[in-house]
Amino acid sequence: MLLLAYPVLGTLALWTGLVERLLASEDLRLEIDNPAYTIWPGRVHMKRVKIMVNGDTQFTLEGHDLVVNARIFPLIKRKLHVTELAANGVIYRMRVQVDSTKGMEERVAAYPPLEELPGAKVLREDTAAKTEERDAPWTVQVDGLDIGVGELWFMEYRFIGDGTLRGGFLVGPNRMSVSTAVQDLGPGQLRFGEKQVIAEKFGGRVTAEIPELNPEEHGDVSFLEFVTSRITLKGDIVTLKHLSAYLDGITVADGKGPFRSDLRLEKGRLGKESHLDYTTDAIRVAGRGFGVKTDWKLEANVAGPERAGVVAARGKNGAPVAHVRGAKPAAKVDDTEPKLDVEEADPRRAEKKGEDEGETVLPRVRSRATVTYVSLVHPEDDSGREFTIQIQGHEEQAVLRSTQLGGEMDVKTAHVRMPKIVTSDFDDLGAVFGSDAPVKAQRGSARASAILNMNEQKVMTGPVTFDLDDARFLVAGVQLGGEAAARARLRVDLKRAHTQVNDFTFHLRDVLMHVGDEHVENWWINVSSPRLEAWQKPALRYQGSVAILAKDAEPILEALAEKDQINDLIAKFTSLDDLRASVTVRGAKDETDVMIRSAESDVWDVAGRVYSKGKKSRAALVVGGKAVSIGIATDGKNTEIKPFAGADWLNAHLRTFPKPALQVSAPKP
């Protein structure tokens with residue numbers, strides 16, 4: 001008899017709103033539109049239904065033409081078990097309460113507003129605890145999902161477009177699982193928040209399977225060890241502006257271009273043939289004192305040699321594809337890439353060899369650009385100028401250590417290739433250091449290159465070069481100019497924070513100096529060092545020795561004479577041709593110690609020491625030539641100039657230095 005009366009009573013309860021009132025609570029509210037009816041207990045047909053839930057997870061779920069088949073008796077134990085759920089035009093909007101909104105204001109502003117939630121509509125957990133009385137949690141199990149999607153809004157990301165969802169899930173206190181869920185999306189529109197479009201024609205398929213587990217026990221990345229999923233998505237990126245919300249003080253703009261991904265997750269590991277590709281003609285990144293604009297091609301994959309991208313691409317040198325405010329075209333340079341000797345094994349070849357021998361294929365990330373503009377400016381400079389550098393045809397590659405998502409997926413080997421770094425923007429270099437800087441650049445162009453490889457021990461090695469052409473500087477009132485070239489091999493141990501500069505050479509050519517009525521031209525100097533080293537742990541310290549060979553000491557002596565540091569007659573009559581010196585440098589934190597031990601010239605000699613720590617400094621030097629020797633000593637406050645100074649005078653001053661007080665032989669006139 002009860003079963004015969006059920007269709008009438010059940011349908012009447014739906015039509016009159018009795019079901020909505022019975023289920024309503026502080027955290028739950030339902031809206032059911034007629035026609036709505038039920039013929040058999042647990043099986044309900046509804047024209048439209050909207051569910052609003054307020055708790056740690058807040059959401060609204062709205063759908064049309066719903067068919068729900070649920071079990072009745074589990075409701076007594078606060079368990080909703082749905083064996084069938086079909087609907088069309090489903091709109092799902094979800095957000096979670098957060099500990100604090102500090103530092104994530106832009107993200108929170110992009111969350112769905114959910115004004116229709118029951119109870120107190122708060123986002124912060126501590127505020128919710130004071131205003132809301134929590135009901136005992138429910139367990140929800142859905143076994144037969146077949147839903148047509150109209151909109152999905154998860155946290156700050158909103159998808160608008162067609163889609164379908166099939167499968168099932170279980171969620172409840174200390175329980176959750178996903179049983180072969182299939183989500184087909186799009187093509188539609190992906191947004192950041194309500195209106196900011198990220199991508200058009202966005203869509204694909206997402207499948208997932210998660211065995212039943214306690215999510216409280218896997219709150220970190222270990223949760224992924226239970227997930228088997230495939231995510232195949234594609235779309236046309238409109239802008240990456242939304243990334244600014246995750247980068248404190250850094251803004252991102254532009255970034256239009258195609259995006260493709262096929263990621264296969266097998267119990268926490270990226271599966272073979274997983275890949276992600278993204279290309280853009282222009283993307284901008286800007287922060288306090290810097291800006292970057294570049295075209296960009298990003299490739300990431302877990303694949304065999306045919307997708308590994310092991311052959312380095314060489315960017316074309318041509319018209320730039322991006323412009324930065326204040327940038328000037330680079331000076332004309334030799335289009336031939338520098339021939340740099342690379343002795344270290346290229347990690348790309350090593351990984352390809354591993355593939356050929358049947359070893360585990362590892363994830364690779366490859367980034368390329370035709371030209372990247374880097375603009376620098378002093379944060380307080382308001383002149384509107386920028387110093388701009390171009391990095392042409394560069395490429396970066398990394399092979400990751402493991403396919404396991406999480407901490408094991410760090411970089412195993414890497415390759416950085418920057419064959420051409422150029423600038424002709426030296427007249428704007430003052431914008432970097434500010435108007436009060438003692439060095440003012442007036443003109444010049446520069447070229448540089450770097451090709452670096454990092455091995456499995458986190459040691460990065462490779463050659464670097466630098467060339468400076470037709471430069472003019474004003475340094476403390478002294479006009480300087482000339483050309484420079486530097487070559488070295490870097491070795492950077494990232495684990496031990498140890499840096500070596502090996503086989504270092506530095507040359508200055510066609511140097512001119514003008515200060516007051518003193519003028520020097522066609523001067524040159526060579527500086528070389530077999531090794532310079534620096535350590536950053538446990539504290540900064542460095543050491544090295546350099547050999548100096550110069551045409552003469554004329555620029556130094558003339559500058560000192562013009563600044564009234566030595567007698568002008570001494571500078572005029574001292575002959576210091578074929579200047580040679582050996583210098584040892586040691587330092588730690590704010591302490592620097594420079595020892596000039598001896599000379600290697602029959603014409604002249606030099607010896608002495610320069611020491612500084614914090615604001616205190618001392619110096620004692622003797623420079624000698626055929627005609628005369630000069631002693632220069634200072635304690636930071638007073639300066640002594642001693643003509644015809646010898647070893648006794650120098651060593652007397654050196655004994656006042658902090659230890660080690662080294663005895664040296666002074667040059668002989």
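The values are calculated or read from the model by the stated rules, or taken from the named source; none is laboratory data. This structure is a prediction, so every number in the text was calculated from the model and none was measured. Note that each Cβ is placed from the backbone with ideal geometry, even for glycine, and that neighbours are counted across all protein chains shown. Quick note on the areas: whole protein, heavy atoms, side chains included, nothing else; ligands and nucleic acids left out. Shrake-Rupley method; radii C 1.70, N 1.55, O 1.52, S 1.80 Å.
Among ILE389, THR403, VAL365, whose Cα lies farthest out toward the positive end of the dipole of segment 365-412, if unit charges sit on the beta carbon of Lys, Arg (+1) and Asp, Glu (-1)?
THR403
Lys and Arg at +1, Asp and Glu at -1: add these up for the other residues within a Cβ distance under 14 Å of ASP65 and post the number.
Working: positive: LYS47, ARG48, LYS50; negative: ASP33, GLU62, GLU84, ASP146.
Overall, the nearby charge balance is -1.
Just how large is the dipole of segment 1-71 about the Cα centre, in debye to the nearest 20, putting +1 at every Lys and Arg Cβ and -1 at every Asp and Glu Cβ? Show your work: numbers first, answer last.
On the way: 7 positive and 8 negative charges, 61 e Å.
The dipole of segment 1-71 has a size of about 300 debye.
Once a ≥ b ≥ c are taken as the square roots of the eigenvalues of the Cα gyration tensor of segment 221-271, is the result rounded (a/c under 1.5), prolate (a/b larger than b/c) or oblate (a/b not larger than b/c)?
Details: a/c = 4.83, a/b = 1.66, b/c = 2.90.
The shape class here is oblate.
Run the accessible area of segment 370-432 with a 1.4 Å probe and give the carbon-and-sulfur part as a rounded percent. Walk me through the intermediate numbers first.
Working: 1230 of 2210 Å².
The computed percentage sits at 56.
Net charge near ASP184: determine it from the other residues with C-beta under 10 Å of the C-beta of ASP184, scoring Lys and Arg +1 and Asp and Glu -1.
Working: positive: ARG166, ARG205; negative: ASP162.
Result for the local shell: +1.
On the accessible surface of segment 141-299, probed at 1.4 Å, how many percent belong to carbon and sulfur atoms?
Values: 4490 of 7910 Å².
On segment 141-299, the fraction of accessible area on carbon and sulfur atoms equals 57 percent.
Rounded to two decimals, what is Rg over Rh for segment 392-518 when you use alpha-carbon atoms and the Kirkwood radius? Let's see the in-between values first.
Numbers: Rg = 19.5 Å, Rh = 17.4 Å.
Here Rg/Rh amounts to 1.12.
Taking the Cα centre of segment 133-264 as origin and charging only Cβ (+1 Lys, Arg; -1 Asp, Glu), how large is the dipole, in debye to the nearest 20? If you can, show how the numbers build up before the last one.
Numbers: 14 positive and 20 negative charges, 130 e Å.
Its charge dipole is roughly 620 debye.
Looking at this model, which pairs from LYS293/LYS420; LYS615/LYS642; LYS47/LYS201; LYS297/LYS420; LYS79/LYS267 are more than 21 angstrom apart at the alpha-carbon?
Check vs 21 Å cut-off fails for LYS615/LYS642; LYS47/LYS201; LYS79/LYS267.
Of ALA539, LEU508, SER529, which is farthest on the positive side of the dipole of segment 508-551, counting Cα position, with +1 on Lys and Arg Cβ, -1 on Asp and Glu Cβ, and the Cα centre as origin?
Towards the positive end, the residue furthest out is ALA539.
So what's the net charge close to HIS81: Lys and Arg +1, Asp and Glu -1, counting the other residues with Cβ under 15 Å from its Cβ?
Working: positive: ARG43, ARG71, LYS77, ARG78, LYS79, ARG175; negative: GLU84, ASP143, GLU212.
Its environment carries a net charge of +3.
Using the crude model of +1 on Lys and Arg Cβ and -1 on Asp and Glu Cβ, and no other charge, please compute the dipole size for segment 380-503 relative to its Cα centre, in debye to 20. Don't skip to the end; give the middle numbers.
Working: 15 positive and 19 negative charges, 138 e Å.
The calculated dipole for segment 380-503 is roughly 660 debye.
May I ask which residue of THR164, ILE147, PRO187 lies farthest towards the positive end of the charge dipole of segment 143-210, with charges of +1 (Lys, Arg) and -1 (Asp, Glu) on Cβ and the Cα centre as origin?
Of the listed residues, the answer is PRO187.
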